[in-house]
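Heads up: the structure comes next, in structure tokens.
The values are calculated or read from the model by the stated rules, or taken from the named source; none is laboratory data. Note that the structure is predicted; figures quoted are calculated from it, not measured. Because the Cβ atoms are built from the backbone with ideal geometry, glycine has one as well, and the counts that use them run over all protein chains shown. The accessibility values were calculated without ligands, DNA or RNA, using every heavy atom of the protein model including side chains. Shrake-Rupley method; radii C 1.70, N 1.55, O 1.52, S 1.80 Å.
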Amino acid sequence: MDKILRTRDDIENHLLKEEGQYVAVYQDLVLKSTFQPIVKRDGVIFAYEALMRIYNSDGLLLNNGDLINYYRGHPVHLINIDRLARVIHLRNFSSSQTSTKLFINMMPVTILFCEDEGLVDSIFLPRIYELGLNPAQIYVEILEHHTDDDEALTKAIRHLKQAGLNIVIDDFGVEGSSERRARHVYPNIIKADASLLVDYLQGNPEPLLKVSTLCRELNAKFIIEGVENLKGYHAAISAGADYLQGYYVGFPRGINVANQLTAKSGQTDNKGNIDQPN
């Protein structure tokens, strides 16, 4: 398939429902949603990040990064996969009836396509409202991939902000991450890549602390991901994180569990208990 999925019918033809959740089928791939909590410093849930799980026709879980690299020379497929993932994430999250925030990922190539096609105003925003959600509830994570037209991307990101959506610079510190980009778009949140926390724990705190300083300069909140244990949790707090993400504070969960989000992910007594691994 070399056709971009533009219309609602195009999208619907690739969706089905399994065990109460929406999944998307694209070529020989099956896309599913999981939701990982993002918590405040006291452990109380702030939001959930929708994560895409991709399976092949044999039911084997594929590596997202490997798949993106495989399709990097075929942007049509990247755009289609990205759009289908966003559709199922929004639908599955809305069915959980939680009032928390939702983080969804968007590739730069998809952001530019949506801007060129006018899809933010014509499809994306109306669909958010149809699902009973609000743009202010949605945080768009800009995946830090390289782009050939950073100026056009900056303009498109600003349009997302003007539409009432929140902007998150994801994986800051790797790949296409750019302090220049962050200073141009003034994101609501900057998320430090997990590797920076690893460096911090290994005695190289400067890269992570530089992100913390940049957040303060831009009046952006600071997320540290990759919090996998108690040592990482305390390090993230010491480094100035406003929010934390990682297996120590909450595992990704499927939609059947997401219907019980508040009860299962660290808010059982509203005192900030951390959802620790068993």
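In the context of the full protein assembly, residue 158 retains an accessible surface of approximately 110 Å², using a probe radius of 1.4 Å and ignoring ligands and nucleic acids.
By accessible area of protein heavy atoms, probe 1.4 Å, what ranking do 159, 234 get, highest first?
On the way: 159 45, 234 100 Å².
Ranking 159, 234 by accessible area, largest first, yields 234, 159.
Taking a ≥ b ≥ c as the square roots of the eigenvalues of the Cα gyration tensor, segment 38-92 is prolate, since a/c reaches 1.5 or more and a/b is larger than b/c. Near residue 167, the amide H atoms lying under 5 Å from its own belong to 140, 188, 189; only residues 5 or more places off or on other chains count, and H is placed 1.01 Å from N. For the chain, a crude dipole built from +1 on the beta carbon of Lys and Arg and -1 on the beta carbon of Asp and Glu, taken about the Cα centre, is about 820 debye to the nearest 20. Within the chain, the longest segment free of exposed loop sites, counting GluC sites (Glu not before Pro) that fall outside DSSP classes H, G, I, E and B and have at most 15 other Cβ atoms within 10 Å, spans 20-174.
Dipole magnitude for segment 145-256: computed about the Cα centre from +1 point charges on Lys and Arg Cβ and -1 point charges on Asp and Glu Cβ, it is near 440 debye. In order along segment 200-211, the phi-based Karplus estimate (6.51 cos²θ - 1.76 cosθ + 1.60, θ = phi - 60°) of 3J(HN,Hα) comes to 4, 5, 8, x, 10, x, 4, x, 5, 5, 5, 5 Hz; Gly and Pro are listed as x. Taking only protein heavy atoms and a 1.4 Å probe, the accessible area of segment 81-209 is 46% carbon and sulfur.
Going by accessible surface with a 1.4 Å probe and the largest first, 74, 14 read 74, 14.
Only helices enter this figure: runs of n ≥ 4 DSSP H residues, each worth -39500 (n - 2.57), summed and divided by the residues of the chain, yield -11000 deg cm²/dmol at 222 nm to the nearest 500.
Between residue 163 and residue 121, the contour length at 0.36 nm per residue exceeds the alpha carbon distance by 14.3 nm. When 8, 253 are compared by accessible area at a 1.4 angstrom probe, the order from most to least is 8, 253. A crude spin-label estimate for the pair residue 8 and residue 60, with each label 7 Å from Cα along the Cβ direction, gives 3.9 nm.
Computed from backbone phi, the HN-Hα couplings of segment 127-138 come to 5, 4, 5, 4, 7, x, 9, 10, x, 5, 7, 9 Hz, rounded to whole numbers (Karplus: 6.51 cos²θ - 1.76 cosθ + 1.60, θ = phi - 60°; Gly and Pro given as x). Under a model in which nothing but the beta-carbon of Lys, Arg (+1) and Asp, Glu (-1) is charged, segment 38-171 shows a dipole of about 580 debye around its Cα centre. When the surface is traced with a 1.4 Å probe over the full set of protein chains, residue 30 keeps roughly 40 Å² accessible.
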